[in-house]
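The block underneath contains the structure these notes are about, expressed in structure tokens.
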Amino acid sequence: EAIELAELAKRMGIKANEMIAKLMTLGVMATVNQTIDFETATLVATEFDFDVEKASFEEEALLNHEIDGDDEDKKIGRAPVVTIMGHVDHGKTSLLDVIRKSKITSGEAGGITQHIGAYNVETPNGGRVTFLDTPGHAAFTAMRSRGAQVTDIVILVVAADDGVMPQTIEAINHSKAAGVPVVVAVNKMDKAGADPDRIMRELSELDLLAEEWGGSVIFVKVSAKTGEGIDDLLEMVLLQSEVLELKANPDRKAMGYVVESRLDTGRGAVATVLVKQGTLSDGDPIVCGLYSGRIRAMIDDSGSRIDAAGPSTPVEIIGLSGVPDAGDEFIAVASDKDAKQIAGNRMQKQRAKELAKKSRANLEKMFENLGSAEVKELKLIVKADVQGSIEALNDSLKDLAKEEVEIKIVHSGAGTINESDVALAAVSDAIIVGFNVRPSPQIRKLAKDEHVDMRFYDIIYNVINDIKAALDGMMPSTF
Ligand code: GDP
């Protein structure tokens with residue numbers, strides 16, 4: 001696959017010269033009549049903010065997201081997927097353990113449970129609930145940031161002898177942001193100081209009003225230590241899930257999300273996935289994040305090999321070409337060829353994105369990158385040896401700002417350049433200015449990986465000169 005440079009430029013509606021110049025900045029020397037390969041074409045197209053439509057179009061067709069199997073009448077109820085959240089030491093891990101132990105039948109794989117990142121239990125009344133094994137909102141939000149809405153219900157654990165704490169509030173806010181309903185487990189009821197009324201009162205002030213008090217939130221009193229209330233908690237989770245009418249069609253190709261993944265020395269890429277729709281079967285060709293493969297083996301939460309996994313079933317899968325990230329979507333497709341093609345397209349796009357990242361927040365290129373924004377802005381993070389230098393720097397920098405170009409100091413402080421400065425620079429497209437400070441080799445490497453531009457000075461005059469030159473470059477031409 002290749003295309004003539006002139007042809008590509010024409011299709012994109014830009015001048016061939018512009019394209020040649022852009023290619024040069026990417027390290028590719030080309031002439032008008034030269035043909036460029038697909039990868040380079042994708043790259044340069046991305047640079048000009050073009051999406052590579054051909055690839056995404058094909059991908060949509062091959063993925064076949066909406067198949068007729070999604071008819072309402074083909075859907076049946078599925079188990080709710082639950083994440084346990086709450087303040088540290090309030091009993092999240094203990095609850096996950098007691099639920100897992102009490103519910104896994106002793107015959108299963110000698111009663112030894114497998115930690116695969118999620119497990120499924122049967123409630124006393126024969127219902128099923130799937131638990132994600134990573135408690136806490138860090139994992140929950142990491143998955144959400146990748147677009148995966150895996151959790152249906154959050155169990156908010158609050159220790160009856162401790163009350164609402166900072167991470168309790170964080171957990172409530174994360175659940176709210178995700179629109180996921182909360183069931184409250186008032187834990188440690190066996191302890192002498194247990195005061196469940198206090199928990200209900202404190203939570204009512206945070207908009208979680210208990211049913212007993214006329215609200216709609218289910219509260220269950222439990223003890224992970226004695227096992228009190230655990231069955232009740234599971235039934236209440238099911239009750240809450242009935243309201244949500246969770247349904248899935250098991251009779252279609254599977255799709256779902258990665259819960260956990262790792263590289264195993266013997267087995268290669270191993271991922272635990274949770275099926276959301278359809279049924280995943282042994283031998284299915286799949287696409288998972290940037291990778292493809294064919295299911296070579298599936299292992300369930302009791303360590304047994306299975307050949308089919310329906311909705312809300314967590315399974316460990318083997319057979320992917322690489323290790324996907326937690327929160328990545330997986331989808332079964334028609335053939336190995338389709339799987340490879342989709343994964344290949346995604347990989348290419350990813351590379352193009354990575355390369356595009358390289359050109360960001362680079363002082364010389366600031367002008368190009370800012371494109372046609374009306375008010376141009378130069379974002380800086382200023383670190384210096386002492387507070388006095390920062391003030392002097394900030395003052396002189398502010399004086400430099402011109403009408404059409406703003407200088408925005410995203411962050412400044414005394415001290416060496418650290419990881420958080422680099423992270424902030426990366427997300428806000430800022431340049432780091434270090435005055436009388438030098439970063440460690442680790443930080444230099446991190447900045448390089450993140451393509452963050454760092455500059456070091458010992459003389460204020462030099463800082464001002466450099467920034468001035470950059471600002472002049474950023475000023476729109478007046479003719
Ligand atoms: P996490 O940080 O939320 O995962 O909390 P853990 O599950 O690690 O529990 C913290 C501590 O509280 C541990 O020492 C547990 O043994 C204890 N703990 C947890 N649940 C209960 C309970 O219901 N009763 C009592 N007495 N102790 C508990």
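Quickly work out the K176-to-K408 label distance, labels modelled 7 Å from Cα along the C-beta direction, and quote it in nm with one decimal.
2.6
Roughly speaking, what is the centre-to-centre gap between the stretch 245-317 and the stretch 151-201 when only Cα atoms are used, to the nearest Å?
Value for the Cα centre distance between the two parts: 32 Å.
Convert 20 °C to kelvin, take the viscosity as 1.002 mPa s, use the Kirkwood radius over C-alpha pairs of the stretch 248-342 as Rh, and evaluate the Stokes-Einstein diffusion coefficient in µm²/s, rounded to a whole number.
Numbers: Rh = 12.6 Å.
Approximately 170 µm²/s, per Stokes-Einstein.
Apply the Kirkwood formula to the stretch 176-291: the hydrodynamic radius equals the inverse of the mean of 1/r over all pairs of different alpha-carbon atoms; give it in Å with one decimal. Intermediate results must be reported in sequence, preceding the final value.
On the way: mean 1/r = 0.0561 Å⁻¹.
Mean inverse Cα-Cα distance, inverted, gives 17.8 Å.
Between their Cα atoms, which of K349/K448; K176/K448; K74/K221; K247/K349; K225/K276 are more than 31 Å away from each other? List each step's numbers first, then the result.
On the way: K349/K448 21 Å; K176/K448 37 Å; K74/K221 37 Å; K247/K349 33 Å; K225/K276 33 Å.
Beyond 31 Å: K176/K448; K74/K221; K247/K349; K225/K276.
Report the label-to-label distance for V32 and R296 in nanometres (one decimal), using points 7 Å from each Cα along the Cα→Cβ vector.
The two pseudo-label positions are separated by 5.3 nm.
Calculate how large, on average over all directions, the projected area of the Cα convex hull of the stretch 1-46 is; give the answer in nm² to one decimal. Walk me through the intermediate numbers first.
On the way: hull surface 10.6 nm².
Spelled out: convex hull of the Cα atoms, projected over all directions, averaged, 2.6 nm².
Whole-Hz Karplus ³J(HN,Hα) for the stretch 6-13, in order, using 6.51 cos²θ - 1.76 cosθ + 1.60 and θ = phi - 60°, x for Gly and Pro?
Result, ordered by residue: 4, 5, 4, 4, 4, 4, 8, x Hz.
Hey, what's the per residue convex hull volume over the C-alpha atoms of the stretch 191-259, in cubic angstrom? All intermediate terms of the calculation are to be shown ahead of the outcome.
Working: hull volume 11.0 nm³, N = 69.
Convex hull volume per residue, Cα atoms: 159 Å³.
For K379, which sequence-distant residues (separation of 5 or more, or a different chain) have an amide H within less than 5 Å of its own amide H, given hydrogens modelled in the peptide plane?
Close amide H contacts, sequence-distant or interchain: K408, I431.
Throughout, read-outs are computed from the coordinates displayed, never taken from laboratory work. Please read all numbers here as calculations on a predicted model, not as lab measurements. Note: ideal-geometry Cβ built from the backbone for every residue, glycine included; neighbour counts use all protein chains shown.
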